[in-house]
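Below is one structure, written out as structure tokens; the observations come after it.
The values are calculated or read from the model by the stated rules, or taken from the named source; none is laboratory data. Here the structure is a predicted model, which means the values were calculated and not measured. Glycine gets a Cβ as well: all are built from the backbone with ideal geometry, and neighbour counts include every protein chain shown. For the accessible areas, the whole protein counts, side chains as well, though only heavy atoms, and no ligand, DNA or RNA atoms are used. Shrake-Rupley method; radii C 1.70, N 1.55, O 1.52, S 1.80 Å.
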Amino acid sequence: MRRIVHVGLVLLVVGMASAGAQQTAEAPKPWTNAAVPVEKRVEMVLEQMTLDEKIALVHGEGVAHRKNASPAMQAAQLLGNGGVGLAVTPPRLGLPVIDMSDAAYGVRSSAENGRYSTALPSNVGSAASWDPTAACAYGTLIGKELRAQGFDMTLGGGTNLTREPRNGRTFEYMGEDPLLAGTMVGNRIKCEGEQHVISDIKHYAMNDQENGRTQVDVHVGERAMRESDLLAFQIGVKVGDPKAVMCSYNGVNGDYACENKYLLTDVLKKEWGFKGFVVSDWGGTHSTEKASAAGLDMEQPGDGFFGEKLKAAVQAKRVSMAELDEHVKRILWAEFASGVVDNLPHKSLVDPQAGYDVARRAEEQSIVLLKNRKELLPLAAGKLKSVAVIGGRADYGMISGGGSAQVDAPGDPDAGKWQHKVWFPTSPLLALEAKAPEAKVTFSSGENVAAAVAAAKSAEVAVVFAWQWESEGSDLESLSLPEGQDKLIAAVVAANPRTVVVLETGTAVTMPWLDQAGAVVEAWYGGSKGGDAVANVLFGDVNPSGKLPMTFPVSEADLPHPDLKKPTRGAKPGLSFSVDYSEGAKVGYKWYEAEKKPVLFPFGYGLSYTSFKYSGLRVSADGSSVSFTLKNEGKRKGAEIAEVYAAIPEAAGEPWKRLVGWEKVELAAGESRELTVSTEGLAMSVWDEGAKRFVMTPGAYKVMVGGSSAELGLVGGFTK
Ligand code: BGC
């Protein structure tokens, strides 16, 4: 039967080709017909592939393809595009190579290849918008710029939970809550994929610290993992339908993530029904047979285990051809299902202005107003006489996150260098000056504290910019601002109570000067147009609406693991040390609440220039939806993120509340609206280790609604 269909399709395509103007002698390629179902196209290609071609597809070409193409590449006359990974699909079959680029908050390493990319605000900033539509715009832009640069696969989609806020990559992730992280990354991935790039979610899983990331074995119970980090991925996969999943460097309960059958096969492929392929993090493959059997489909960046070694294993029947075919089919499926084969990327020019607009809007939605004493903000354009701008290289630009996520900044020839701090030329000083042309605006670098204090004293308002830099490969030593910035801020806020502190950070920071500061604004890493976005918020052209996607603790002593573990010096390669995530599913606000630890700023917190009133809670009988009235009681238009939490029955043994839904809504001054928010059942369930599924514990559920995890004025409930 299958054969008959096949022959029929061949005839159809041959017929179509002969009708065309240009006849070629090439063999027909019926799988290039977009009308054929994806699964069928995959089978057709697989039938054509030799063992060598299959092997070539399941491993990368390293970065060597930039200069020294491998024989396979040379034969195919293919050269990479300067991305970080590449897999060869047989060109004789008319399929494009899989050409990958990192793209956490924009396309990486473009400058060294003579290109330009937009830097969006950091991923954690995007999470702070709590806005799935904004996440979609974020993904769409990255997808477009990848294709314009000739790439057909993204390596974005960071989803690891902020279990440890000192993790050097928190800026690449979506905060501490699985529902928020999964929903936001899912929307980004969905829209990125719609641009016809092979979309990716990473780093699966439990890669929650960078110190010793290739040596650390994470010990965590199944239930805890399912209700925290894995739940974020589960929701991200469901919403975003990524075509690739990158397994992480670390071990999980004794096995490296990239050879962990539980993670890759039992959970991801079987239970979640993921149809795409698993790609290793760069150098994260440690075996041939074990990794292949566990469900790793593609090794990157080279062929240490999935090249000659895998071929030999297949020839010796230590790995079955069926198992190799399964890897190949998944990769081919991703190529067809993403639309890459039917919509080949064509290099074109990135549109910088379009990118600026998306980046500025994204940052405006990401900024979180943390403090605003006596309505110091917004500043009054036209009335302001003098402003002292201090610190943070605000005369030049705004800092960005490093490592493989780094987007090259124009004007910085070292932008691509590892461990080099990159400021984007988006000067908040210039943007503030433009808002208040009548005011006297001064700038002090902050290196000389006395000069900064003098400037702050003589100005009506001081604005201090402070940064905290993060990069892949190592964790922060502490949550304090580096390089004496706390001292500078303390001196400035003491000199002028009308001081606004603007934070450019990738994670939580401690604020020893908080009580004296007039206003505090969290701008995260602001992206290509961060300066304009900050000025728009400070002057009230934009009413801030972001809310914290992670708790800001009072100090490191309150974290589940005050001492961040590192590998011992000289430890042998392999899983040489472990971290025990004994806090389990109590990640972020759940931990502080269960441990009754006060925090500096709670999860979900953020102020506005207007105020909102919640009333009239109604919970549906099964808890699947929650209705209430939200009123903008102030004099300005503003957006509110209305948050819904649930506390589950005591019998579940998890006495902490969890985010189960939210809605972001913009209301005009005085406007009231009745909102109905759907809740996520998974977030209200517990993982039953015996039954191997999520279940809702019978009993009474408490439902709470309000503007932050710590301010939930409406209380109701339902019984299951
Ligand atoms: C990172 C990944 C990245 C890869 C390729 C690794 O070091 O962990 O996130 O995609 O490199 O650059």
**Request:** Mind listing whichever residues of segment 678-703 are assigned to a strand (DSSP E or B) and surrounded by fewer than 19 Cβ atoms within 10 Å (Cβ to Cβ)?
**Result:** Ser678, Asp688, Arg693, Phe694, Val695, Ala700, Lys702
**Asked** Given (1) open to solvent by 10 Å² or more (accessible area, probe 1.4 Å); (2) more than 28 Å from Thr505 (Cα to Cα); (3) in contact (Cβ under 8 Å) with a residue 24 or more places away in the chain, where does Ser320 come up short, assuming only one miss?
**Response** (3)
**Asked** With (1) open to solvent by 20 Å² or more (accessible area, probe 1.4 Å); (2) more than 16 Å from the ligand (Cβ to nearest atom) as the list, and Gln419 as the residue in question, which single condition is left unmet?
**Response** (2)
**Request:** All but one of (1) at pLDDT 95 or above; (2) open to solvent by 10 Å² or more (accessible area, probe 1.4 Å); (3) aliphatic (A, V, I, L, M) hold for Leu79, so report the exception by its number.
**Result:** (1)
**Asked** If Ile189 passes every condition in (1) more than 14 Å from the ligand (Cβ to nearest atom); (2) touching a residue at least 60 places away in the same chain (Cβ under 8 Å); (3) in contact with a Gly (Cβ under 7 Å, 6 or more places away or on another chain) but one, which one does it miss?
**Response** (2)
**Prompt:** What residue, among those in segment 463-479 that are more than 14 Å from the ligand (Cβ to nearest atom) and small (Gly, Ala, Ser), is farthest from Val502 (Cα to Cα)?
**Reply:** Ser478
**Asked** Restricted to segment 277-296, and to residues that are in a loop (DSSP other than H, G, I, E, B) and within 16 Å of the ligand (Cβ to nearest atom), which residue is nearest to the chain's Cα centre (by Cα)?
**Response** Asp281
**Asked** Is it the case that segment 434-445 has a residue that's assigned to a loop (DSSP other than H, G, I, E, B) and more than 29 Å from Thr610 (Cα to Cα)?
**Response** yes
**Asked** Do we find a residue being within 16 Å of the ligand (Cβ to nearest atom), hydroxyl-bearing (Ser, Thr, Tyr), in a helix (DSSP H, G or I) and closer than 28 Å to Glu556 by Cβ anywhere in segment 209-225?
**Response** no
**Message:** Looking at (1) farther than 30 Å from Val695 by Cα; (2) crowded, with 20+ Cβ neighbours inside 10 Å, which one does Lys635 not meet, given that it meets all the others?
**Reply:** (2)
**Message:** Need pairs with beta-carbon distance below 7 Å; first residue part of a helix (DSSP H, G or I) and within segment 526-548, second β-branched (Val, Ile, Thr) and open to solvent by 20 Å² or more (accessible area, probe 1.4 Å); sequence gap 6+ or separate chains.
**Reply:** Asn536/Val542
**Asked** Would a scan of segment 218-240 turn up a residue that is open to solvent by less than 10 Å² (accessible area, probe 1.4 Å), touching a residue at least 12 places away in the same chain (Cβ under 8 Å), hydroxyl-bearing (Ser, Thr, Tyr) and assigned by TED's automatic domain parsing to the domain that holds Ala119?
**Response** yes
**Prompt:** Looking only at segment 346-372, which residues are open to solvent by less than 30 Å² (accessible area, probe 1.4 Å) and farther than 30 Å from Thr551 by Cα?
**Reply:** Val350, Gly355
**Request:** Take Ala495 and decide whether it is without any contact (Cβ under 8 Å) to a residue 12 or more places away in the chain, surrounded by fewer than 22 Cβ atoms within 10 Å (Cβ to Cβ) and more than 23 Å from Ser528 (Cβ to Cβ).
**Result:** no
**Message:** Looking only at segment 241-270, count every residue that is part of a helix (DSSP H, G or I), open to solvent by 10 Å² or more (accessible area, probe 1.4 Å) and within 16 Å of the ligand (Cβ to nearest atom) and tell me the total.
**Reply:** 0
